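Structure first, then comments.
The values are calculated or read from the model by the stated rules, or taken from the named source; none is laboratory data. These figures come from a predicted structure and were not determined experimentally. Because the Cβ atoms are built from the backbone with ideal geometry, glycine has one as well, and the counts that use them run over all protein chains shown. Ligands, DNA and RNA are excluded from the accessible area calculation, which covers all protein heavy atoms including side chains. Shrake-Rupley method; radii C 1.70, N 1.55, O 1.52, S 1.80 Å.
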Amino acid sequence: MNNKVGYTKSTVAAETFEPFMIGEKQAGEVHWLTQTNSSSEPSYSGLWRCEPMTFEYEFPGDEIFQVLQGSLLIQLDDNNVTLQAGDIISFNKGMKSTWTINSSFKKFFVISNC
């Protein structure tokens, strides 16, 4: 995507979502705000939503997100993190985790350093 106007706008009420795939398994849906930065390098942001399920996820870049709705448990090698609406968190690239979505979930995310 080449953003010639210098900004991209969307809304948390966005209804245009597409399947989010981890390998061959669908893990929720994503509404992309950006997929590249101003230098045309990979950098992702948008809304992600998911119904209750469990899946493995390796962070493809440094990821920061805010939980907008729902709750989840993220299992890491050395501890577990429980998140709910309002929480903001960051994870380093390459971390391996298992996500357990407990209730209808939505987050706003930014992934850099891919």
| task | Run the quick spin-label model on Q84 and Q66: label points 7 Å from Cα toward the beta carbon, then report their separation in nm to one decimal. | result | 1.9
| Label point distance in nm, N113-S10, each placed 7 Å from Cα along Cα→Cβ | 2.3
| remark: For region 26-114, whose charge dipole is built from +1 on Lys and Arg Cβ atoms and -1 on Asp and Glu Cβ atoms, the candidate among N102, F59, V81 with its Cα farthest towards the positive end is N102
| query | Quick one: ranking V110, V12, V81, V67 by accessible area, 1.4 Å probe, largest first, what do you get? | reply | V12, V110, V81, V67
| lysines with Cα under 17 Å of K25, excluding same-chain neighbours fewer than 8 positions away | K96
| said: What number do you get for the chain when its Cα radius of gyration is normalised by 2.2 N^0.38 Å, N = residues? | reply: 1.05
| message | From the P(r) of region 19-65, could you give the percentage of C-alpha pairs in the tail past 14 Å? | response | 59
| field | All aspartates and glutamates inside 13 Å of K107 as judged from Cα atoms, apart from same-chain residues fewer than 8 positions distant | value | E29, E51, E63, D87
| query | Looking only at T34, T82, T100, which one moves most when the chain is put into a Gaussian network model with springs between Cα atoms under 10 Å? | reply | T82
| remark: Expressed as a percent, the accessible surface of the chain that is carbon or sulfur, using a 1.4 Å probe and the full set of protein chains, is 48
